[in-house]
Amino acid sequence: MARIVIFGVKEAARLACAYLRLDTTYEPVAYTVTKDYLPQERVLDDLPIVPFEMIASSYSPAEHSFLVPMSYRDHNRHRARIFGQVKALGYTMGTYVSPRAVVCPGLQIGENSMILEGCIVSPGCVIGNNVMIQAGCVISHGVRIGDHAFLGPGTVLSGLVDVGPYAFIGSGGRVRDRVRLGEGSFIAMGSVVRSDTEPWVHYDGMPARLWDATCTSIDRT
């Protein structure tokens, strides 16, 4: 059984721990956060909470894997930074695909990516590193999803959609076939995207229209 450390102590980390325990051969052995975010109680879900600054000395990269199941805080850039820091320490990153998702054989999926229950992933899809795909998403044939993207629950991507790195799609968002979402595009909950989007721009509505051309400050803790 592979031993794995989980970054975070909030809902996303605890949810990931529950999934790993239920569905995989991974054995979660610890949570970790940076010293500034250490809670007073140093045990969570029967696991120790260890300062990230000490993690490599406490849990050797040679003997442990790592998962960074964080939200889209700072427009996915915070998760990307932690992902890079963990990789720099020499850890192998875990990946989770729910057994309750329908995933066609041959899927290409990167490190530290998660596909939750109820998702449907059609043939020919490519999912990058550090991608979070929440429950109930439909990913049609030939879709490509870039590194550090986040798909909210119930997202629907029609065939041959290209999702740029750092892009965010809110719950229930829908994207027409062959559309390209620019790097860092933010698609608000329930929006319907019918044409290509610009990088680092916030879109909202049905059909989706430009709502904010400076979405660099979007946060989610």
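Every number here is computed from the coordinates shown, using simple stated rules; none is lab data. Remember, predicted model here, so these are calculated numbers, not experimental data. Cβ: placed from backbone, ideal geometry, glycine included. Neighbour counts: every protein chain shown.
Averaging Cα coordinates gives a centre for the stretch 107-146 and one for the stretch 151-200; these two points are 13 Å apart. Diagonalising the gyration tensor over the Cα atoms of the stretch 1-43 and scaling each eigenvalue by 5 before taking the square root yields semi-axes of 20, 11, 7 Å, largest first. Here, the stretch 136-212 yields an orientationally averaged convex hull projection of 3.8 nm² when only Cα atoms define the hull. Computed from backbone phi, the HN-Hα couplings of the stretch 58-69 come to 8, 9, 4, x, 6, 10, 9, 9, 9, 9, 10, x Hz, rounded to whole numbers (Karplus: 6.51 cos²θ - 1.76 cosθ + 1.60, θ = phi - 60°; Gly and Pro given as x). For the chain, with a Gaussian network of springs between Cα atoms less than 10 Å apart, report the residue from 155, 34, 95 with the top mean-square fluctuation. Between 155, 34, 95, it is 34 that shows the largest mean-square fluctuation. Across the stretch 99-110, computed HN-Hα scalar couplings (Karplus, 6.51 cos²θ - 1.76 cosθ + 1.60, θ = phi - 60°) run x, 9, 9, 9, 10, 5, x, x, 4, 9, 9, x Hz from first to last residue, x flagging Gly and Pro. For residue 124, nonlocal amide neighbours, meaning residues 5 or more places apart or on other chains whose placed amide H falls under 5 Å from its own, are 142. For residue 45, what is the net charge nearby, where nearby means another residue's Cβ is under 14 Å from its Cβ and Lys, Arg count +1, Asp, Glu -1? With Lys, Arg at +1 and Asp, Glu at -1, the net is 0.
Take every DSSP beta bridge whose two residues both sit in the chain; close to 10 percent of them are antiparallel.
The slack between residue 2 and residue 108, meaning 0.36 nm per residue of separation minus the straight C-alpha distance, is 36.0 nm. Here the 3J(HN,Hα) profile of the stretch 165-181, calculated from phi with Karplus coefficients 6.51, -1.76 and 1.60 at θ = phi - 60°, is x, 6, 5, 10, 10, x, 3, x, x, 10, 10, 5, 4, 6, 7, 10, 8 Hz, Gly and Pro shown as x.
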